[in-house]
Amino acid sequence: MLETKNITKIYKTGEIETRALDGVSLRVNDGEFVAIMGPSGSGKSTLMHILGCLDTPTSGKYILDGEDVSNLSDDELAKIRNKKIGFVFQSFNLLPRVTIFKNVMLPLLYSNQPLSKREQLAKEALEAVSFAEKFWFYYPNQISGGMAQRVAIARALVNDPSIILADEPTGNLDSKSSEAIMETLCFLHQKQKRTIVMITHEPDIAQYAQRIIYLKDGKIVSDEENKNKIFFNFN
């Protein structure tokens, strides 16, 4: 599904160079659920930006769904993001003056599909995350943080992306809401066979993933199968 080959990312401020990523090579297969961990400054956010086609590497290759996207233009990257990547952010990034239903429809705004089809896709996405229909036409400030994150996941699903990238998806939530969000992500992984890459600094949240990759100082220091993975029984 995705592969990085010796990815390096260097930021320059005047004469000073900061090597945020230093020779990162990894592979995520179709249908995997991978957690990326590391301390502040380890490079995990930079890696997420590159995996999400929000940035390009200084050197190395990034192959997404069989296509080398390492050196694409901003416009080309935008098309890739809209077509192949679903984002879930810590801060939800919902538009406050737009209903829940229309927030989920937003990624379809520039598609050529008729309104009825876009509405159907939004409905299916909300149902996939078990978001109660009675709340669909509420506004973001009328729902809890846990509910808002489920809306964000539905929005990430609406384009049927190749991969879901979740950046600290439980970072702003209490423990009960965090467990509910992880149950939703596990449902998408276990039942719908979605490919998920999740950034987290919380070891207990990482336990929901199949693999845990640990970054330090811009390098991968471990990449191991999670033998303690938490499974849900979805019937």
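The values are calculated or read from the model by the stated rules, or taken from the named source; none is laboratory data. Since we're looking at a predicted model, the values are computed, not measured. In this analysis, Cβ positions are derived from the backbone assuming ideal geometry, glycine residues included, and neighbour counts consider all displayed protein chains.
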* Being hydroxyl-bearing (Ser, Thr, Tyr) and at pLDDT 95 or above is the filter; apply it to the range 5-27 and report the residue that is surrounded by the most Cβ atoms within 10 Å (Cβ to Cβ). => Thr8
* Structure fact -> Of those in the range 119-147 that are surrounded by 21 or more Cβ atoms within 10 Å (Cβ to Cβ) and among the small types (Gly, Ala, Ser), the residue nearest to the chain's Cα centre (by Cα) is Ala125
* Test Ser175 against the stated conditions and say whether it is among the small types (Gly, Ala, Ser), on the phi < 0 side of the Ramachandran plot, surrounded by fewer than 15 Cβ atoms within 10 Å (Cβ to Cβ) and out of contact with any His (no Cβ under 6 Å at 6 or more places or on another chain). => yes
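Of all residues in the range 68-101, which are among the charged types (D, E, K, R) and in contact (Cβ under 8 Å) with a residue 12 or more places away in the chain?
Of everything in the range 68-101, those that are among the charged types (D, E, K, R) and in contact (Cβ under 8 Å) with a residue 12 or more places away in the chain turn out to be Arg81, Lys83, Lys84, Arg97.
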* Count, please, the residues in the range 169-192 that happen to be farther than 20 Å from Met37 by Cα and aliphatic (A, V, I, L, M). => 2
* Would you point out the residue of the range 95-115, among those that are of a type in the set (A, V, I, L, M) and out of contact with any Leu (no Cβ under 9 Å at 6 or more places or on another chain), that is farthest from His201 (Cα to Cα)? => Leu115
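Only one residue in Pro203, Pro161, Pro169 is more than 22 Å from Phe131 (Cβ to Cβ), of a type outside the set (A, V, I, L, M) and either touching a residue at least 40 places away in the same chain (Cβ under 8 Å) or crowded, with 18+ Cβ neighbours inside 10 Å (or both), so which one is that? Before you say what the answer is, go through the steps one by one.
Values: Pro161 fails: more than 22 Å from Phe131 (Cβ to Cβ); Pro169 fails: more than 22 Å from Phe131 (Cβ to Cβ).
After applying the criteria, what remains is Pro203.
Could you list all residues from the range 121-171 that are part of a loop (DSSP other than H, G, I, E, B) and closer than 23 Å to Ile50 by Cα?
Val158, Asn159, Asp160, Pro161, Ser162, Glu168, Pro169, Thr170, Gly171, listed by residue number.
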* Breaking point among (1) under 19 Å from the mean Cα position of the chain (by Cα); (2) farther than 17 Å from Asn93 by Cα; (3) touching a residue at least 60 places away in the same chain (Cβ under 8 Å), for Asp217 -> (1)
* To do: With a cut-off of at least 1 residues that are more than 19 Å from the chain's Cα centre (by Cα) and of a type in the set (S, T, N, Q), name the strands (runs of 3 or more DSSP E) lying wholly within the range 1-66.
  => 2-13, 16-28, 59-64
